[in-house]
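K.L.:
There's a structure below that I have some questions on.
What follows draws every value from the coordinates through simple rules; no lab data is involved. On a predicted model such as this, the values are computed, not experimentally measured, just so you know. Every residue, glycine as well, gets a Cβ built from its backbone with ideal geometry; the counts of neighbours run over all protein chains shown.
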Amino acid sequence: MTSSFQIAVFEGDGIGPEIMAPTVKILTALAAQSDSYDLSFEHLPAGAAHYAKTGEGLPQMSLDKAGKADAILLSAMGLPDVRYADGTEISPQIDLRKAYNLFAGVRPVRVAAGGLTPLKMPAGQDIDFVLIRESTEGLFYTQGTGEVTKDDARETLRITRKTSEDLFKFAFNLAADRKAQGRGPGRVTCVDKANVFRAFAFFRGIFDEIAAHHPNLVADHAYVDATALWMVQKPWDFDVLVTENMFGDILSDLGAGLMGGLGLAPSADIGLHQAVFQPCHGSAPDIAGQGKANPFAMILSAAMMLDWLGLKHGHIQMIADAEALRTAIDHLVTSNTTVTADLGGAATTKQAGDAVQHIVTRQAVNA
């Protein structure tokens, strides 16, 4: 029996529509060749360009429809010359996180043997770990509402028990899934600054409470500054890292650097019911409309969506298709075949997307 899933699509700003188009095309082709699932897409308005036209960054209608969808696929958002009256960016992705309590910001860091990375990798070694960033509180809690006077400025770092418990349960469940798939040893590392801040000692204490319920997994701790060092020195040692919002924001860009750039960096923001999947990079308006944008991070984010839906609903084919997308992009990057300029190639956005689709559809024919 075929299961149908409704996907809410936000095309975004700048290069957003250009990288979303091949992604939806590939997902449509994968679903068409499957006998177990079907995908339908509803395109919804939001973003800086929409705000410039209408005065709304995320219309209530879009928010409501996205909340009813099975998953949300979101492209790059924001434009440097379009701001709210208080000077902050138009960021529907953050509005969605808050509206649906998408507490787990998932940032995979993968470098296949022979892949792009500025590191000197040991022979035959690869990098495959996941950084989980709490995405609704931490130092972002007072975003846009911090106190500023003539003489000082203050922001509030907030960590709550409920959100932290949900975050750590998610992290340990992910580590268990990765272990079952042979992708990791089943290790979760709490990244904090508990030696300085009481809030992080509180954070670490909750982590230890949740870890006690997972005796078959390894739980340990690391300070954020040491973690940044080790991400450069020995990133292949990591499995699942879980951390506060601001620390995760910084470390996730370091992770993107390990992979060769933001053009290969997907992400997801996941809650108890909804989830948003989007690339880590920005809208790059300077190259919009030129066919230069790299669609791989958007496509890899779509692969994360297939994984999440497949695990949630027990669809093995969706999980297999997600892996096929990752494998296809690994092949193109490691062979330096049909990649865009940011990865050292000369392919257009469409050519790069078509190359991925050709590989995954060919694999299906040969399966």
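K.L.:
Using 18 Å as the Cα-Cα cut-off, could you pick out the over-long pairs in 65/312; 68/312; 68/98; 120/234; 162/193; 120/193? Can you show the working numbers first?
P.N.:
On the way: 65/312 20 Å; 68/312 16 Å; 68/98 16 Å; 120/234 10 Å; 162/193 20 Å; 120/193 29 Å.
65/312; 162/193; 120/193, as the Cα separations exceed 18 Å there.
K.L.:
Which value in nm describes the separation of the simple spin-label points at residue 201 and residue 226, placed 7 Å from the Cα toward the beta carbon?
P.N.:
Modelled inter-label distance: 1.7 nm.
K.L.:
Which of the DSSP-defined H helices in the chain satisfy a minimum axial length of 18 Å, computed from C-alpha atoms, and a minimum mean Kyte-Doolittle hydropathy of 1.0? Numbers along the way, then the final one.
P.N.:
Working: long enough: 16-32 (24 Å, 1.03); 161-180 (28 Å, -0.65); 198-211 (20 Å, 0.66); 245-259 (21 Å, 0.79); 296-313 (25 Å, 1.16); 316-334 (27 Å, 0.59); 349-366 (26 Å, -0.47).
Qualifying helices, which must be both long enough and hydrophobic enough, are 16-32, 296-313.
K.L.:
Next question. Along Cα→Cβ, 7 Å out, is where each label goes; now give me the distance between the ones at residue 169 and residue 126 in nm to one decimal.
P.N.:
Roughly 3.2 nm, to one decimal.
K.L.:
Starting with the fewest neighbours, write out 361, 2 ranked by other beta-carbon atoms found within 10 Å of each beta-carbon. Display every interim value, and only then the final one.
P.N.:
Details: 361 17, 2 9.
Taking fewest neighbouring Cβ atoms as first place, the list is 2, 361.
K.L.:
Kindly state, as a whole number, the per residue volume in cubic angstrom of the convex hull around the alpha carbon atoms of the stretch 123-219. Walk me through the intermediate numbers first.
P.N.:
Values: hull volume 14.5 nm³, N = 97.
Dividing the Cα hull volume of the stretch 123-219 by its residues yields 150 Å³.
K.L.:
Right, another one. Got a sec? How would 119, 30, 44 order by Cβ neighbour count within 10 Å, fewest to most? Can you show the working numbers first?
P.N.:
On the way: 119 16, 30 25, 44 22.
Listing 119, 30, 44 from fewest to most nearby Cβ atoms yields 119, 44, 30.
K.L.:
Per the Debye formula with a single identical scatterer at each Cα and no solvent contribution, what log10 I(q)/I(0) holds for the stretch 199-346 at q = 0.14, 0.15, 0.19, 0.21 Å⁻¹?
P.N.:
Listed by q, the Debye log ratios stand at -0.88, -1.00, -1.37, -1.44.
K.L.:
Rank the residues 89, 11, 147 as a footprinting-exposure proxy: fewest other Cβ atoms within 10 Å of their Cβ go first.
P.N.:
In order of increasing Cβ crowding within 10 Å: 147, 89, 11.
K.L.:
Follow-up question, since we're still on this one. Can you give the helix-only mean residue ellipticity at 222 nm for the chain, where every DSSP H stretch with n ≥ 4 adds -39500 (n - 2.57) and the sum goes over all residues, rounded to the nearest 500 deg cm²/dmol? Could you put the intermediate results ahead of the total?
P.N.:
Details: 11 runs with 155 residues, N = 367.
So the calculated ellipticity at 222 nm is -13500 deg cm²/dmol.
K.L.:
So, one more: Using only the Cα atoms of the stretch 209-295, construct the convex hull and provide its projected area averaged over every direction, in square nanometres to one decimal.
P.N.:
Details: hull surface 32.6 nm².
About 8.2 nm², averaged over all directions.
K.L.:
Sequence gap at least 6, Cα distance under 8 Å: using those rules, report the relative contact order of the chain to the nearest whole percent. Could the numbers behind the result be given before it?
P.N.:
Values: 726 pairs, mean separation 76.3, N = 367.
Relative contact order of the chain: 21 percent.
K.L.:
Using alpha carbon centroids, what distance separates the stretch 150-229 and the stretch 1-76, in Å?
P.N.:
When both Cα centres are located, 31 Å separates them.
K.L.:
Hey, which lysines would be in cross-link range of residue 25, C-alpha to C-alpha under 20 Å, not counting anything within fewer than 8 residues on its own chain?
P.N.:
Those lysines meeting the cut-off are 292, 350.
K.L.:
While we're looking at this one, here's another question. Just need the relative contact order of the stretch 89-229 here, percent rounded to a whole number, with Cα pairs under 8 Å and 6+ apart.
P.N.:
On the way: 172 pairs, mean separation 24.9, N = 141.
It rounds to 18 percent for the stretch 89-229.
K.L.:
Using the C-alpha atoms of the stretch 273-319, what convex hull volume per residue, in cubic angstrom, is computed? Intermediate results must be reported in sequence, preceding the final value.
P.N.:
On the way: hull volume 3.8 nm³, N = 47.
Dividing the Cα hull volume of the stretch 273-319 by its residue count gives 82 Å³.
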